[in-house]
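Asker: If you scroll down you'll find the structure; I have some questions about it.
The values are calculated or read from the model by the stated rules, or taken from the named source; none is laboratory data. Just so we're clear, the structure is a prediction, and the values are computed from it rather than from any experiment. Don't worry about glycine lacking a Cβ; one is built from the backbone with ideal geometry, like all the others, and counts go over all protein chains shown.
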Amino acid sequence: MRRPTHGGNLAWAAAIAGCQPTDILDFSASINPLGPPPSAWDAIARAWQSVRAYPDPDSRHLRQVLAEVCGVPAEWILPGNGAAELLTWAGRDLSRWDAVGLAVPAFADYDRALKSFGAKTVRCRLSLEGDRVLLPDFETQLGDPSRCALLLNNPHNPTGAGWTIAELLPLVERFALVVVDEAFMDFLPDTAPYSLVPFVAQFDNLVVVRSLTKFYSVPGLRLGYAIGHPHRLQRWQQWRDPWPVNALAAAIVPALLGDTEFHQKTLAWLEPARAQLYRELTDLSFLRPLPGAANFLLVETHRSAPQLQENLLKQHRILIRDCLSFPELGDRYFRVAVKSPADNHRLATALAKVGVN
């Protein structure tokens, strides 16, 4: 079975571990372990009969709900079949420019989207020295910013770095098009210093892509949305399939966004759980976790990460995310999601055992 390029492939992991997929403790997919919230199940139950009809191809009600949350008119919102579908159309739009700067290491799906439309991608390496992850000097590597574009994500995957508005807005002011993937933004206790959503209306060259699946634990429903200038989003709409958002996904969004109790519960869980996991991994001499702002940690290891992954699966039925799909990282890094304190401790204990071999 081919090695996966994304996390969460439990069938692949179970084949190595010699067990059922449900027996795997999955640290490879950065999904909120507290969800889905009960409000999600209630919304699906109420909307079940809607699958007998085609969904609204314009997602009008869904757009209005998302627009109220984002503080923009509905025409500035484009819902999608997960953030990945919207990043495909971002790739087509970005490819029109002389070059696209990509801060690497980067989520592998960005390469897929850009290569699909023949974009000239310039891989601009982040600085991973120390605990602070620094943005590259894009202009030195790309040239005239008025003829070039950028694809960024914040908080950054896989490092977990969170960049402030003060760091990102000058890039929006100079480059021809800037697309920012904010898939993990909801995990920050205060998004105000980081999110560029409030600036979309000021810059027609800025698009922000968001995901709902990770925070609310519904990746199987595929839920994402883009915030951008209506003219740009109308063009994206013309490129896509007629019904990109299924009826159940559309029906669940109002319940998710209105579930303030689940939102508060998640934020109350994350910070102490992440601190605990960081501390326990730091205590292992062969590991160096990077501080992160989201619900995962990137970890440098003195061992082979794929070998650690295999040993954890075979001996403990635990799956971590190797970083082979991030070429700049190679085989000495892995990524782990933050889970419950008990699961985090189980991971650290298992790593301590396999790391001595």
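Asker: Can you spot a residue in the range 108-119 that is in a helix (DSSP H, G or I), touching a Gly at 6+ places or on another chain (Cβ under 8 Å), farther than 25 Å from N295 by Cβ and among the aromatic types (F, W, Y)?
Answerer: Within the range 108-119 (the criterion being in a helix (DSSP H, G or I), touching a Gly at 6+ places or on another chain (Cβ under 8 Å), farther than 25 Å from N295 by Cβ and among the aromatic types (F, W, Y)), the answer is no, since none of the residues qualifies.
Asker: All but one of (1) within 17 Å of R92 (Cα to Cα); (2) in a strand (DSSP E or B) hold for R123, so report the exception by its number.
Answerer: (1)
Asker: Among all residue pairs at least 6 apart or on different chains, which show Cβ distances below 9 Å where the first residue, located in the range 106-119, is in the same structural domain as T159 (by TED's automatic domain parsing) and crowded, with 20+ Cβ neighbours inside 10 Å and the second is acidic (D, E) and modelled with pLDDT under 95?
Answerer: A106/E328
Asker: Within the range 297-345, take every residue that is in contact (Cβ under 8 Å) with a residue 40 or more places away in the chain and of a type in the set (F, W, Y) and give me the one that is nearest to D283 (Cα to Cα).
Answerer: Top of the filtered list is Y333.
Asker: A247 fails exactly one of the following numbered conditions: (1) of a type outside the set (K, R); (2) out of contact with any helix residue (DSSP H, G or I) (no Cβ under 7 Å at 6 or more places or on another chain); (3) surrounded by 15 or more Cβ atoms within 10 Å (Cβ to Cβ); (4) touching a residue at least 40 places away in the same chain (Cβ under 8 Å). What is the number of that condition?
Answerer: For A247, the exception is condition (2).
Asker: L25 - would you say it is in contact with a strand residue (DSSP E or B) (Cβ under 8 Å, 6 or more places away or on another chain), under 17 Å from A337 (Cβ atoms) and modelled with pLDDT of 95 or more? Walk me through how you get there before you give the answer.
Answerer: On the way: in contact with a strand residue (DSSP E or B) (Cβ under 8 Å, 6 or more places away or on another chain): yes; under 17 Å from A337 (Cβ atoms): yes; modelled with pLDDT of 95 or more: yes.
In short, yes.
Asker: Based on what the data block shows, is L78 surrounded by fewer than 21 Cβ atoms within 10 Å (Cβ to Cβ) and not in a helix (DSSP H, G or I)? Working first, answer last.
Answerer: Working: surrounded by fewer than 21 Cβ atoms within 10 Å (Cβ to Cβ): no; not in a helix (DSSP H, G or I): yes.
Taking the combined requirement at face value, the residue does not satisfy it.
Asker: What is the number of the single condition among (1) touching a residue at least 12 places away in the same chain (Cβ under 8 Å); (2) more than 30 Å from Q309 (Cα to Cα) that I31 does not meet?
Answerer: (2)
Asker: Which of the residues spanning the range 211-227 are at negative phi and touching a residue at least 60 places away in the same chain (Cβ under 8 Å)? Before you say what the answer is, go through the steps one by one.
Answerer: Our first condition is that a residue be at negative phi; within the range 211-227, this holds for 211-216, 218-221, 223-227.
Those that are at negative phi and touching a residue at least 60 places away in the same chain (Cβ under 8 Å): S211, T213, K214, F215, Y216, V218, P219, L223, G224, Y225, A226, I227.
Asker: Tally time: how many residues in the range 304-317 are touching a Ser or Thr at 6+ places or on another chain (Cβ under 7 Å) and part of a loop (DSSP other than H, G, I, E, B)? Working first, answer last.
Answerer: The first filter runs over the range 304-317 and keeps only residues touching a Ser or Thr at 6+ places or on another chain (Cβ under 7 Å), leaving 308.
Filter again for part of a loop (DSSP other than H, G, I, E, B), leaving none.
Number of matching residues: 0.
Asker: For the range 24-36, indicate whether the set of residues that are outside the structural domain of W243 (by TED's automatic domain parsing) and outside any loop (DSSP other than H, G, I, E, B) is non-empty.
Answerer: Yes.
Asker: Which residue out of E261, E280, E271 is under 30 Å from G355 (Cβ atoms) and surrounded by fewer than 16 Cβ atoms within 10 Å (Cβ to Cβ)? Reasoning before the result, please.
Answerer: On the way: E261 fails: under 30 Å from G355 (Cβ atoms); E280 fails: surrounded by fewer than 16 Cβ atoms within 10 Å (Cβ to Cβ).
Criteria check complete, one pass: E271.
Asker: While we're on this one: Just to verify a result, which residue in the range 169-199, among those that are part of a loop (DSSP other than H, G, I, E, B) and among the acidic types (D, E), is surrounded by the most Cβ atoms within 10 Å (Cβ to Cβ)?
Answerer: Per the stated criteria, the residue is E182.
Asker: Do you know which residues across the range 272-303 are assigned to a helix (DSSP H, G or I) and of a type in the set (A, V, I, L, M, F, W, C)?
Answerer: Scanning the range 272-303 gives A273, A275, L277, L281.
Asker: Please specify each residue of the range 60-75 satisfying the condition of being within 16 Å of M185 (Cβ to Cβ) and crowded, with 21+ Cβ neighbours inside 10 Å.
Answerer: Residue satisfying the conditions is L66 alone.
Asker: Examine the range 137-149 for a residue that is closer than 29 Å to F262 by Cβ and not basic (K, R), and state whether such a residue exists.
Answerer: Within the range 137-149, the first condition is being closer than 29 Å to F262 by Cβ, and the residues that meet it are none.
The answer is no, given that none of the residues of the range 137-149 is closer than 29 Å to F262 by Cβ and not basic (K, R).
Condition check ((1) of a type outside the set (V, I, T); (2) modelled with pLDDT under 95) across all residues:
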| residue | (1), (2) |
| --- | --- |
| A11 | yes, yes |
| A29 | yes, yes |
| D42 | yes, yes |
| V51 | no, yes |
| Y54 | yes, yes |
| V65 | no, no |
| V72 | no, no |
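Asker: Here's something else I'd like to know. What number of residues within the range 318-340 are surrounded by 19 or more Cβ atoms within 10 Å (Cβ to Cβ) and either in a strand (DSSP E or B) or modelled with pLDDT of 95 or more (or both)?
Answerer: Of the residues in the range 318-340, 12 are surrounded by 19 or more Cβ atoms within 10 Å (Cβ to Cβ) and either in a strand (DSSP E or B) or modelled with pLDDT of 95 or more (or both).
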